């Protein structure tokens, strides 16, 4: 795309190319039923669809038997913007959704958090993450953020080990989409990557309740965010027995859950 650049006080302008991130709607179907439409960055679409169905509890333990573009016609006709997750009818019949998935994702407070706690069990205690490892995650993940380096306009999510090694990184214009892509990649891994109880989840934005919900559903032991969490996210992390760190930028960051770090 050709743009006009403005530089300095002299208002000297120049015209040249610039690379912008693509943002398109994608409809997600589960066994042929529409469950969501989300604005996403094309790429890793099967992972996004499978991860969304998993983290939203739509699979209810049913295995994914296939993921494909479209359900009734050509993928080209739908411009690769319809993805169907298949379980062979093993997953419960979902309630069709008509609205788009947004940053709020329909959360309505502590009552829904209680419902989440009934569906998910707390993360089992494990070896704690070293604090110095948590502080290095933003710089370590940056090496895998190719789209961000080129456009500056996408979020990233990454799974990492207790030693700080990056397992995989995914990028998307939506924070929750990036997380679903990570979870979906692990779900579709033939070797089996879930639950992720020995891993942490890095997110490049704020730690909202959706981020904690998805991390909890996937079994991550920690969530590390470069920005702040919400109060509901902290409540959820404490109920999940999940370490939640925010404002992670080098050696300084805040730990919101657990309420107290072990001595």
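Which is buried (at least 16 other Cβ atoms within 10 Å of the Cβ) and touching a residue at least 60 places away in the same chain (Cβ under 8 Å), of 124, 138? Step through it out loud before you land on a result.
Working: 124 fails: buried (at least 16 other Cβ atoms within 10 Å of the Cβ).
Selected residue: 138, the only one of 124, 138 that is buried (at least 16 other Cβ atoms within 10 Å of the Cβ) and touching a residue at least 60 places away in the same chain (Cβ under 8 Å).
Mind counting the residues in the range 133-145 that are more than 18 Å from residue 174 (Cβ to Cβ) and either in a helix (DSSP H, G or I) or modelled with pLDDT of 85 or more (or both)? Give the steps one after another, and end with the answer.
Quick first cut of the range 133-145, residues more than 18 Å from residue 174 (Cβ to Cβ) only: 133-140, 142-143.
Subsequent filtering for residues that are either in a helix (DSSP H, G or I) or modelled with pLDDT of 85 or more (or both) retains 133-140, 142.
Summing the residues that are more than 18 Å from residue 174 (Cβ to Cβ) and either in a helix (DSSP H, G or I) or modelled with pLDDT of 85 or more (or both) in the range 133-145 gives 9.
This table checks each residue for (1) in the same structural domain as residue 44 (by TED's automatic domain parsing); (2) farther than 18 Å from residue 23 by Cα; (3) over 19 Å from the mean Cα position of the chain (by Cα); (4) at pLDDT below 65.
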{"residue": "86", "(1), (2), (3), (4)": "yes, yes, yes, no"}
{"residue": "98", "(1), (2), (3), (4)": "yes, yes, yes, yes"}
{"residue": "147", "(1), (2), (3), (4)": "no, no, no, no"}
{"residue": "154", "(1), (2), (3), (4)": "no, no, no, no"}
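What strands (runs of 3 or more DSSP E) lie completely within the range 165-254 and have 1 or more residues being within 12 Å of the chain's Cα centre (by Cα) and without any contact (Cβ under 8 Å) to a residue 40 or more places away in the chain?
Of the strands (runs of 3 or more DSSP E) lying wholly inside the range 165-254, those with at least 1 residues that are within 12 Å of the chain's Cα centre (by Cα) and without any contact (Cβ under 8 Å) to a residue 40 or more places away in the chain span 166-172, 222-225.
Would you mind listing the strands (runs of 3 or more DSSP E) fully within the range 1-50 where at least 1 residues are in contact with a strand residue (DSSP E or B) (Cβ under 6 Å, 6 or more places away or on another chain) and modelled with pLDDT of 70 or more?
By residue number, 2-7, 24-30, 33-40.
The values are calculated or read from the model by the stated rules, or taken from the named source; none is laboratory data. On a predicted model such as this, the values are computed, not experimentally measured, just so you know. Please note: Cβ atoms are built from the backbone with ideal geometry, for glycine as well, and neighbour counts cover all protein chains shown.
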